[in-house]
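Engineer: Starting off with a structure, shown below.
The values are calculated or read from the model by the stated rules, or taken from the named source; none is laboratory data. Keep in mind that what you see is a predicted model, and the values were worked out from it rather than measured. All Cβ positions, even for glycine, are placed from backbone atoms using ideal geometry, and neighbour counts span all protein chains on display.
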């Protein structure tokens with residue numbers, strides 16, 4: 001199939017909206033890491049970071065919807081409506097489109113649970129939200145395998161950029177979290193910061209920067 | 001039956017969105033943690049209160065029945 | 001009068017103002033010396049627990065008696081039982097023996113000497129709320145736990161209990177005995193307080209309605225069930241009936257657990273002569289009183305609360321005149337700060353800063369900003385934790401600033417009543433630094 005160009009507008013629309021979806025999902029994931037680490041976007045209030053995270057995710061769903069519908073409607077390949085949400089049920093490239101369906105299912109689950117925030121328990125919401133990384137990862141995998149678009153040129157740089165950005169963000173998040181003061185040590189750490197040597201709890205090495 | 005705004009201090013990690021979205025009722029202390037005004041929530045602020053409660057990244061802000 | 005014993009803490013009957021004969025003291029402690037009571041002796045004196053055969057029967061009796069919690073909060077016992085009884089199905093009952101307060105020994109003493117009263121109370125409380133899930137929450141003291149297990153084995157053999165009692169371990173933390181921390185620990189997690197609502201009596205251990213009572217409260221309950229509300233009210237005052245256990249720290253270093261009536265004058269309990277400068281009432285979440293004021297007060301919230309103090313769990317300390325009150329308060333403030341569970345921003349930020357400021361004030365020629373900073377932080381942390389640790393700590397510290405203000409002035413001149421800073425108040429050495437320290 002590779003190398004044959006399909007001149008249908010639907011096929012192009014599907015590929016284009018697919019790329020935009022991947023970019024948006026990458027942005028959403030990066031913003032999610034930023035929200036978690038209480039990071040700021042320069043010049044913007046704190047609620048803008050969470051607001052952008054939410055709004056981009058909704059925009060991503062819109063683009064994914066177009067991406068998926070145009071692909072199904074396109075007459076050249078047989079995909080079938082149910083394959084959008086039921087993984088591995090498409091006649092055309094069942095495996096890689098299945099990965100895409102998984103991604104979409106996860107994104108929908110994330111959106112729905114987030115809309116229901118406050119009505120489900122905090123712990124349940126948090127546990128489900130970890131699936132975001134899986135949603136992004138499967139979106140990237142689906143993008144790389146469903147067509148050869150991202151294998152060369154600008155789109156290759158884009159794909160690599162997305163992967164590097166999220167990987168970098170995850171590494172940064174883990175590193176920062178590693179330096180967080182554990183809950184049980186927070187009071188002792190604050191005392192370190194404030195108090196003369198004689199007051200410090202035994203076994204602590206000395207002052208730290210900031211306790212969160 | 002008016003409700004009361006309260007923060008669960010064990011969940012709060014000082015993101016500070018609530019103070020931006022609801023400055024009429026919430027200010028931040030010198031360490032970045034919210035100080036929530038006592039008493040029932042005024043009706044005129046209902047929309048902003050609901051947004052602040054939903055937008056808290058850790059769901060620490062709660063609207064509870066008045067005691 | 002003291003009874004010579006070989007048990008960990010001496011316990012004796014206090015000389016009460018009204019004459020012990022009428023009040024029927026001692027009640028919780030044995031009549032002839034603080035010797036541990038076995039089941040046979042217990043049954044000889046008190047008989048078997050008077051099960052009513054029906055849930056709820058005990059509640060109006062407790063209401064008439066006016067029994068309030070002896071764990072420090074003095075909440076009416078009948079209201080807690082009623083709340084649990086109506087909160088839902090499968091309630092849990094836990095006896096709280098986790099006496100995290102370093103200045104208090106009375107729960108350990110009671111459990112050591114009169115375990116059967118506590119265990120009776122547990123069974124009767126469980127019957128009253130319709131529970132068969134019963135537990136006892138204790139610090140990891142091997143000898144004490146062994147003693148309790150032996151007592152439970154005696155009871156099992158005699159068929160005295162209708163519900164089995166499980167022992168749960170409490171970490172050696174100041175907050176371990178806080179109700180929601182207890183519920184969290186018994187549920188299998190760490191002994192850290194939770195935000196309320198929901199209250200523990202609504203959703204406590206593993207989400208079930210949970211009745212938590214201090215072990216001394218349960219002992220009183222066991223006696224009220226037998227002898228009735230009028231008997232209970234023979235001791236104490238009309239507003240604050242009954243007797244209670246107190247831990248007394250005298251200025252000469254003696255440390256006793258006594259049983260006394262509510263309303264007893266403090267000067268009958270503590271020797272308040274010229275060698276005492278101040279009295280701490282209510283432990284490390286309590287408040288200081290100048291010795292002259294304390295000499296006029298009685299062991300009752302009616303007297304103590306207007307003076308900013310409270311009865312609490314009955315820990316009373318007489319501070320000798322030749323000690324530095326500010327240095328003592330600073331040491332306690334540091335302890336209280338380190339005992340923060342670290343969950344709530346205002347608490348783990350504010351209490352250590354307050355403690356650091358106290359140490360500044362305790363040193364010669366302190367920075368004058370330390371006092372204003374401390375007052376500012378105290379106002380900032382009050383009421384903003386999930387539990388009352390910040391509030392109680394602030395009460396202790398504010399009262400220290402007030403009662404020891406002359407000492408502060410002295411420090412400003414580079415002097416101190418006790419430059420050696422010999423420690424007087426009891427404090428544990430261990431500091432909690434990992435999650436394991438909270439389980």
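Engineer: For segment B:22-35: of the residues being in contact (Cβ under 8 Å) with a residue 12 or more places away in the chain and under 22 Å from residue A:35 (Cα atoms), which is farthest from the other protein chains (Cβ to nearest Cβ)?
Structural biologist: B:26
Engineer: Hey, another quick one. Evaluate the following for residue B:34: is it within 19 Å of residue C:384 (Cα to Cα), in contact with a strand residue (DSSP E or B) (Cβ under 6 Å, 6 or more places away or on another chain) and buried (at least 16 other Cβ atoms within 10 Å of the Cβ)?
Structural biologist: Taking the combined requirement at face value, the residue satisfies it.
Engineer: Follow-up question, since we're still on this one. Do we find that residue A:145 is under 21 Å from the mean Cα position of the chain (by Cα), in a helix (DSSP H, G or I) and over 23 Å from residue A:32 (Cα atoms) in this structure?
Structural biologist: Spelling it out, residue A:145 is indeed under 21 Å from the mean Cα position of the chain (by Cα), in a helix (DSSP H, G or I) and over 23 Å from residue A:32 (Cα atoms).
Engineer: Which one of A:41, A:52, A:56 is closer than 29 Å to residue B:58 by Cβ, touching a helix residue (DSSP H, G or I) at 6+ places or on another chain (Cβ under 7 Å) and exposed (fewer than 15 other Cβ atoms within 10 Å of the Cβ)?
Structural biologist: A:41
Engineer: Being over 20 Å from residue A:130 (Cβ atoms) and within 8 Å of chain A (Cβ to nearest Cβ) is the filter here; which residues of segment B:56-65 pass it?
Structural biologist: Selection gives nothing.
Engineer: Look at residue B:19 and say whether it is more than 8 Å from every other protein chain (Cβ to nearest Cβ) and either surrounded by 18 or more Cβ atoms within 10 Å (Cβ to Cβ) or within 25 Å of residue C:347 (Cβ to Cβ) (or both).
Structural biologist: Taking the combined requirement at face value, the residue satisfies it.
Engineer: Ok, one more. Taking segment C:200-245 on its own, how many of its residues are under 25 Å from residue C:314 (Cβ atoms) and under 21 Å from the mean Cα position of the chain (by Cα)?
Structural biologist: 28
Engineer: If we scan segment C:286-297, do we find a residue that is under 23 Å from residue C:432 (Cβ atoms), under 24 Å from the mean Cα position of the chain (by Cα) and within 14 Å of another protein chain (Cβ to nearest Cβ)?
Structural biologist: no
Engineer: Also: Could you please let me know if residue A:146 is surrounded by 16 or more Cβ atoms within 10 Å (Cβ to Cβ) and either at pLDDT 95 or above or under 18 Å from residue A:56 (Cα atoms) (or both)?
Structural biologist: No.
Engineer: Let me ask something else about it. Consider residue A:124 carefully, then state whether it is surrounded by fewer than 16 Cβ atoms within 10 Å (Cβ to Cβ), in the same structural domain as residue A:100 (by TED's automatic domain parsing) and either at negative phi or touching a helix residue (DSSP H, G or I) at 6+ places or on another chain (Cβ under 7 Å) (or both).
Structural biologist: Against the criterion (surrounded by fewer than 16 Cβ atoms within 10 Å (Cβ to Cβ), in the same structural domain as residue A:100 (by TED's automatic domain parsing) and either at negative phi or touching a helix residue (DSSP H, G or I) at 6+ places or on another chain (Cβ under 7 Å) (or both)), residue A:124 qualifies.
Yes/no matrix, rows are residues, columns are (1) away from chain B (no Cβ under 14 Å); (2) in a helix (DSSP H, G or I); (3) under 23 Å from residue A:126 (Cα atoms):
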| residue | (1), (2), (3) |
| --- | --- |
| A:13 | yes, yes, no |
| A:19 | yes, yes, no |
| A:30 | yes, yes, yes |
| A:42 | yes, no, no |
| A:49 | no, yes, yes |
| A:56 | yes, yes, yes |
| A:60 | yes, yes, yes |
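Engineer: Further question: Which residue, of B:41, B:49, is more than 27 Å from residue A:193 (Cα to Cα), touching a residue at least 40 places away in the same chain (Cβ under 8 Å) and more than 12 Å from chain C (Cβ to nearest Cβ)?
Structural biologist: The unique qualifying residue is B:49.
Engineer: Among C:211, C:218, C:269, which is outside the structural domain of residue C:170 (by TED's automatic domain parsing) and modelled with pLDDT of 95 or more?
Structural biologist: Unique residue meeting the criteria: C:269.
Engineer: Quick check on this structure: which one of A:175, A:139, A:165 is modelled with pLDDT of 95 or more, in a helix (DSSP H, G or I) and buried (at least 18 other Cβ atoms within 10 Å of the Cβ)?
Structural biologist: A:139
Engineer: What's the number of the condition residue C:326 fails, among (1) in contact with a strand residue (DSSP E or B) (Cβ under 9 Å, 6 or more places away or on another chain); (2) closer than 30 Å to residue C:354 by Cβ?
Structural biologist: (1)
Engineer: If you take the residues of segment C:316-326 that are in contact with a helix residue (DSSP H, G or I) (Cβ under 9 Å, 6 or more places away or on another chain) and part of a loop (DSSP other than H, G, I, E, B), which of them is nearest to the other protein chains (Cβ to nearest Cβ)?
Structural biologist: Among them, the one singled out is C:324.
Engineer: Report yes if some residue within segment B:4-15 is in contact (Cβ under 8 Å) with a residue 60 or more places away in the chain and either surrounded by fewer than 16 Cβ atoms within 10 Å (Cβ to Cβ) or within 14 Å of chain C (Cβ to nearest Cβ) (or both); otherwise report no.
Structural biologist: Yes, there is a match, as at least one residue in segment B:4-15 is in contact (Cβ under 8 Å) with a residue 60 or more places away in the chain and either surrounded by fewer than 16 Cβ atoms within 10 Å (Cβ to Cβ) or within 14 Å of chain C (Cβ to nearest Cβ) (or both).
Engineer: Any chance segment A:169-181 includes a residue that's over 30 Å from residue C:434 (Cα atoms), touching a residue at least 40 places away in the same chain (Cβ under 8 Å) and in the same structural domain as residue A:60 (by TED's automatic domain parsing)?
Structural biologist: No, segment A:169-181 has no match at all.
Engineer: Also, I was wondering about something else. Tally time: how many residues in segment C:52-83 are farther than 20 Å from residue C:387 by Cβ, assigned to a helix (DSSP H, G or I) and touching a strand residue (DSSP E or B) at 6+ places or on another chain (Cβ under 9 Å)?
Structural biologist: The number of residues fulfilling the criteria is 5.
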